[in-house]
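Since every read-out is calculated from the coordinates, none of them should be taken as a lab result. Just so you know, these numbers come straight off a predicted model, no measurement behind them. Positions of Cβ are backbone-derived with ideal geometry, glycine not excepted, and every protein chain shown enters the neighbour counts.
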Amino acid sequence: MRVIAGTAKGKKLKMVPGDTTRPITDRTKEALFNILGNWIVDARVLDLFGGTGAVGIEALSRQAAHVTFLDSSRAATRTIGENLRITGLAARAYVKQKDAFQFLQRPPADLQPFDLIYIAPPQYKQMWAQAMQHIDTDLDTWLLPDGAVVVQIHPREFEDLALQNLVLYDKRKYGSTVLCFYERADEGA
């Protein structure tokens, strides 16, 4: 696992010990950032189930302004910290060991909305749907007007969600991974 492009291009990232995370493949990560393109420059990103930090670190390497990494696992947050040091990107990152749903239910008082929220939770537990419901319910707290939410799941996990404020606008499959792209529903519709 490595950083594909940007200021930390080619840097190898450490894996979280054990088998609790499912890192994004380089192929899928490259496809994601090809889709995002220059939109990621100066973006504020929330990597909600951080794992190794590969997606957020790739965003930082491609000039995202700031990434907040969240993971409930101490081993994961430690690995994210090590990977930020390896890549020299720690100054524009914040790493917090916390349960994602506790964070979504009680956001910090000084929280600023994000341009991009990346959701890649443990598989087959419908945690992505639960996270999407929390974000959808309090959208202005979490997402800037032109922001997007990207979900990384196994294709068998996908289901249409009954969301009030977010709509699925793109879905791409890469092997055993599907990336789902959500944006604010058109207010004029």
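Could you work out the helix-only [θ] at 222 nm for the chain, with each DSSP H run of four or more residues adding -39,500 (n - 2.57) and the total divided by the number of residues, to the nearest 500 deg cm²/dmol? Kindly include the intermediate steps, with their values, before the conclusion.
Working: 6 runs with 54 residues, N = 189.
Dividing the helical sum by the residues of the chain leaves -8000 deg cm²/dmol.
Work through the residues other than Gly88 whose Cβ is under 13 Å from its Cβ and net out their charges, Lys, Arg +1 and Asp, Glu -1. The answer is +3. Computed from the alpha carbon atoms alone, the convex hull of segment 71-125 holds 112 Å³ per residue. Kirkwood's formula applied to the C-alpha pairs of the chain gives a hydrodynamic radius of 16.4 angstrom.
Can you give the longest stretch of the chain with no exposed loop site, where a site means GluC sites (Glu not before Pro) in a DSSP loop (not H, G, I, E or B) with at most 16 other C-beta atoms within 10 Å?
Details: sites that count: Glu159, Glu187.
Longest run free of exposed loop sites: 1-158.
Computed over neighbours whose Cβ is under 14 Å from that of Val41, the net charge equals -1, Lys and Arg +1, Asp and Glu -1.
Give me the dipole magnitude in Debye, nearest 20, for segment 26-184 about the Cα centre, with unit charges on the beta carbon: positive for Lys and Arg, negative for Asp and Glu. List each step's numbers first, then the result.
Details: 17 positive and 19 negative charges, 105 e Å.
Magnitude of the dipole: close to 500 debye.
Among the lysines of the chain, pairs that are 8 or more positions apart or on different chains and have alpha carbons within less than 23 Å of each other number 16. Each DSSP beta bridge with both residues in the chain is either parallel or antiparallel, and the antiparallel ones are about 45%.
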